[in-house]
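The values are calculated or read from the model by the stated rules, or taken from the named source; none is laboratory data. What you see is a predicted model, and the numbers here were worked out from it, not measured in a lab. Note that we place each Cβ from the backbone using ideal geometry, even for glycine, and neighbour counts take in every protein chain shown.
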Amino acid sequence: MSDTKINTQATARRGRPRAFDREEALAKAQALFHAKGYDALSVADLTQALGINPPSFYAAFGSKLELYDEALRRYEKTEGLDVDTALAPGTPLSDGVAKLLRYAADAYASGDACGCMVIEAARGTADAAAGEKARGRMEASRSYIHQRISGLDAGNADLASDYVMMSLAGLSASARNGMPTARLRVMAAIAAEGLSGYLESAA
């Protein structure tokens, strides 16, 4: 075999594009949506960041909206709060809420994009369909938190669930605005004490 043929084959191997990794692309899209939001990203922005052309983008994800929905679900799966541990059976309600809010304080101030992706998207997305996707995920989260709280204190489940969601929204907004983890933890502790005090006074 000639040197020319060997060099040609080696060049072809080196120049062959790496196989498309859908999960890796989804992770990149999630990070972009979290950092910039749905409205600020175009399909062109996404295809450039993911290293694929528009036909490949639509073949892999269907549409920008469908990719966004997948990214929201992936965020919940990979970066969502550990509700099961915080609100484990047998945990006093006040202790469980305190633990959950502490988890949020730590999670929302970490990573390249601060705040909760779902909460921020639910209140800050101009696109109606995208906003509906985010609000749907947020309502699903609230329903699950309510379910777990009901197992600890059924009589206060509605009130405590609303309080938790309000507190998470506040922590997320504060993290998004640059509040550091240490201060978020203090705010989370104060919020938890507020609920505990109310429950004790109402008992």
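Residues in region 167-192 that are in contact with a Ser or Thr (Cβ under 9 Å, 6 or more places away or on another chain) and touching a residue at least 12 places away in the same chain (Cβ under 8 Å) were compared, and the one that is surrounded by the fewest Cβ atoms within 10 Å (Cβ to Cβ) is Thr181. Kindly indicate the residue of region 123-165 that is among the hydroxyl-bearing types (Ser, Thr, Tyr) and at pLDDT 95 or above and also nearest to Asp84 (Cα to Cα) among those meeting that condition. The qualifying residue nearest to Asp84 (Cα to Cα) is Tyr144.
Being among the acidic types (Asp, Glu) and under 14 Å from the mean Cα position of the chain (by Cα) holds for only one residue in Glu132, Glu139, Glu193, and it is Glu139. Within region 139-158, the residues that satisfy the criterion of being aliphatic (A, V, I, L, M) and touching a residue at least 24 places away in the same chain (Cβ under 8 Å) are Ile145, Ile149, Leu152. Taking Leu199, is it in contact with a Gly (Cβ under 7 Å, 6 or more places away or on another chain), touching a residue at least 60 places away in the same chain (Cβ under 8 Å) and more than 27 Å from Arg74 (Cβ to Cβ)? The answer is no for Leu199.
Just to be sure, is Gly178 assigned to a helix (DSSP H, G or I) and assigned by TED's automatic domain parsing to the domain that holds Ala109? It is false that Gly178 is assigned to a helix (DSSP H, G or I) and assigned by TED's automatic domain parsing to the domain that holds Ala109.
Look at Tyr38 and say whether it is among the hydroxyl-bearing types (Ser, Thr, Tyr), under 19 Å from Ala130 (Cα atoms) and touching a residue at least 60 places away in the same chain (Cβ under 8 Å).
yes
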